[in-house]
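Remarks on the structure that follows.
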Amino acid sequence: MDLKEIMAIAGKPGLFKMVAQAKNGIIVESIVDQKRTQAFTHDKISSLEEISIFTETEDKPLKEVLKCFFEKLEGKEAPDFKNDNNKLKAFFTEMLPDYDKERVYTSHMQKVVSWYNLLIQHNLLDFSQIEEQADEVPGDEAKPE
């Protein structure tokens with residue numbers, strides 16, 4: 001899963017895949033309907049790779065949060081909590097028990113859940129790279145004699 005090329009753009013719903021560099025921004029393609037548009041340098045553009053969630057101990061990268069969702073939901077979509085913030089908070093607590101209740105708002109939770117569902121629907125979540133990195137233990141390489 002390479003979240004570097006998946007973008008969230010403030011003011012625009014959904015997620016976008018970076019397609020090309022433009023003179024004064026980037027060309028992005030909507031994951032939902034594959035329509036291409038330009039995101040300008042003055043737009044607030046965030047790569048999902050850069051986003052993290054506040055926890056009680058440290059910030060947790062979105063990639064790890066999505067992996068927790070994926071494992072606990074067994075690769076299925078998360079339920080839709082459109083108008084029930086209490087159920088959303090309970091669900092988020094189940095998925096990420098140590099999230100910072102003071103700094104993570106329900107709007108943040110809704111975004112994470114909707115992004116997760118969007119990535120699942122379009123088959124864009126692949127955690128094999130993370131597992132391969134975890135299998136490679138530093139300093140465990142064969143040394144020449």
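The values are calculated or read from the model by the stated rules, or taken from the named source; none is laboratory data. Everything numeric here is computed off the predicted structure, so don't read it as measured data. Neighbour counts run over all protein chains shown; Cβ positions are idealised from the backbone, glycine included.
Please state which of the following conditions residue 57 fails to meet, knowing it meets all the rest: (1) assigned to a loop (DSSP other than H, G, I, E, B); (2) among the hydroxyl-bearing types (Ser, Thr, Tyr); (3) surrounded by 12 or more Cβ atoms within 10 Å (Cβ to Cβ).
Among (1) assigned to a loop (DSSP other than H, G, I, E, B); (2) among the hydroxyl-bearing types (Ser, Thr, Tyr); (3) surrounded by 12 or more Cβ atoms within 10 Å (Cβ to Cβ), the lone unmet condition for residue 57 is (3).
Within region 78-120, which residues are over 13 Å from residue 53 (Cα atoms), assigned to a loop (DSSP other than H, G, I, E, B) and hydrophobic (A, V, I, L, M, F, W, C)?
78, 81
Criterion first (assigned to a loop (DSSP other than H, G, I, E, B) and either outside the structural domain of residue 125 (by TED's automatic domain parsing) or on the phi > 0 side of the Ramachandran plot (or both)) does residue 32 satisfy it?
yes
Considering only residues that are surrounded by 16 or more Cβ atoms within 10 Å (Cβ to Cβ) and among the charged types (D, E, K, R), which ones fall in region 65-90?
Correct list: 67, 89.
Which residue is nearest to the chain's Cα centre (by Cα), if the candidates are limited to region 60-77 and must be among the charged types (D, E, K, R) and outside any strand (DSSP E or B)?
The qualifying residue nearest to the chain's Cα centre (by Cα) is 63.
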